[in-house]
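Below you'll find the structure, written out as structure tokens, and then a few comments.
Readers should treat all values here as calculations from the given coordinates under stated rules, not as data from a laboratory. For clarity, every value in this text was computed on a predicted model and none was experimentally measured. Here the Cβ positions follow ideal geometry from the backbone for every residue, glycine too, while neighbour counts run over all protein chains shown.
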Amino acid sequence: MAKKHVAVLMGGWVNERPVSLSTGEGCAKGLEEAGYKVTRVDVDRNISEVLKQLKPDVAFNALHGPFGEDGCVQGILEFLNIPYTHSGVMASALAMNKIKAKAVMAAAGVPVTEHKIVNRREIGRDHPMEPPYVLKPINEGSSFGVLIIKEDQAFPPQELQREDWPYPDVLMCEKFIKGRELTCAVMDGRALGVIDIIPQGQGFYDYDAKYVEGGSKHILPAKISPFVYQTVETLAIKAHQALGCRGVSRADFRFDEREDGTGDLICLEVNTQPGMTPTSLVPEMAEHSGISFKDLVSWMVEDASCCR
């Protein structure tokens, strides 16, 4: 039986374009290795017309960030009746909005940190929250626009007042949780393991730590107690289900296990379209669970549907 024709959607025009191109190329190669007919599509605003002409059996969504991860392209694919991978319109839009996602996760019993909504133009010389805290755009990924304000910082970051500030004015201000960075992938309703991420630079899992070779060290399985390990997996599944995610997702956590720490295990966010680059976490966790990259992307294609 002939394998399906898969359009791998990648690129786009947002900040995460380079990451998406890397994810898309890796997934395209994996699908070709598995025997699928693959067409690489560098997404532009005429994507609807391109897909009408292409008529693929499945769209593999390798886009990241706004438009590709927030329900927009999912809506186009629903309208065109093209089965697609990852989460559907509602779950994608919900998970991408950090404020609304936190409300849903908290209602489902997933612990989240204290936060407030602030306008960067209204932040002057007074901190919007007692330091340490984090400022981040509500609808961005890959740590774009994230600012960490430490205890000894006298004033909020002055770059917030820049006229060429490249992100929306409305930001989320949340309490900074010290400790370890843990992450857990969920595939088909089951956890694939927990990674302890150790950034090798500034101690923050920023863009370079995520995507530059050697930017971070991944400990898999994470060297934490069996109870905490199982709790992370349980919470990742619970967050995945509460947001209505499909396919593969990844939940990020902070764990404060210091002797003088709070012991908090906090879910920071759920990524409905995790990176699939050479330094990405999901392929690593899948391999640890006995799933090759080729089998991982093949499963995602066979799981694709509309009305997700």
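Structural remarks
- Reduced Cα scattering model of region 115-175, Debye log10 I(q)/I(0), q = 0.12, 0.15 Å⁻¹: -0.24, -0.38
- Checking the Cα-Cα distances for LYS100/LYS294; LYS55/LYS294; LYS4/LYS100 against a 27 Å cut-off, the pairs over it are LYS100/LYS294; LYS4/LYS100.
- Cβ-based charge dipole, the chain, positive-most Cα from GLY244, GLN161, GLY263: GLY244
- In region 34-75, trypsin sites (Lys or Arg not before Pro) in a DSSP loop with at most 13 other beta-carbon atoms within 10 Å: ARG45
- The dipole here belongs to region 143-184: it is taken about the Cα centre, uses +1 on the Cβ of Lys and Arg and -1 on the Cβ of Asp and Glu, and is about 280 debye.
- For the pair ARG125 and CYS306, label points projected 7 Å from Cα toward Cβ lie 6.0 nm apart.
- Between LEU77, ILE123, GLY26, the Cα set farthest toward the positive side of the dipole of the chain (charges on each charged residue's Cβ, about the Cα centre) is that of LEU77.
- Here region 5-86 is treated as a Stokes sphere of Kirkwood radius computed over C-alpha pairs; at 37 °C and 0.692 mPa s its diffusion coefficient rounds to 266 µm²/s.
- Kyte-Doolittle mean at least -1.0, axial Cα span of 18 Å or more - DSSP H helices of the chain: 17-33, 226-243
- Relative contact order [Cα under 8 Å, 6+ residues apart], the chain, whole percent: 21
- Scattering from the chain was approximated by placing one identical point on each alpha carbon and applying the Debye formula without solvent; log10 I(q)/I(0) at 0.09, 0.11, 0.12 1/Å stands at -0.44, -0.66, -0.79.
- Residue order, fewest to most beta carbons within 10 Å, for ASP152, ASP252, ASP44: ASP152, ASP44, ASP252
- Label-reachable residues, region 64-91, where backbone N falls under 12 Å from a point 7 Å from LYS100's Cα toward its Cβ: 70-72, 89-91
- Fewest-first sequence of TYR167, TYR84 by Cβ atoms within 10 Å of each Cβ: TYR167, TYR84
- Relative to the Cα centre, the charge distribution of the chain, modelled as +1 at Lys and Arg Cβ and -1 at Asp and Glu Cβ, gives a dipole magnitude of about 680 debye.
- When every Cα-Cα distance of region 85-187 is counted in 10 angstrom steps from zero, the calculated P(r) takes the values 13, 43, 32, 11, 1 percent.
- Ranking of ARG254, ARG190, ARG180 by count of other Cβ atoms within 10 Å, fewest first: ARG190, ARG254, ARG180
- FRET efficiency for ALA154 and GLN230, using Cβ-Cβ distance with R0 set to 51 Å, rounded to 0.05: 0.75
- Under 19 Å from the Cα of LYS150 - lysines, other chains or at least 8 residues apart: LYS116, LYS136, LYS175, LYS178
- Qualifying chymotrypsin sites (Phe, Trp or Tyr not before Pro) in region 1-81, where qualification requires a DSSP coil assignment and no more than 16 other C-beta atoms within 10 Å, comprise TRP13.
- For the chain, the mean residue ellipticity at 222 nm estimated from helices alone is -9000 deg cm²/dmol, where every DSSP H run of n ≥ 4 contributes -39500 (n - 2.57) and the total is divided by all residues, rounded to the nearest 500.
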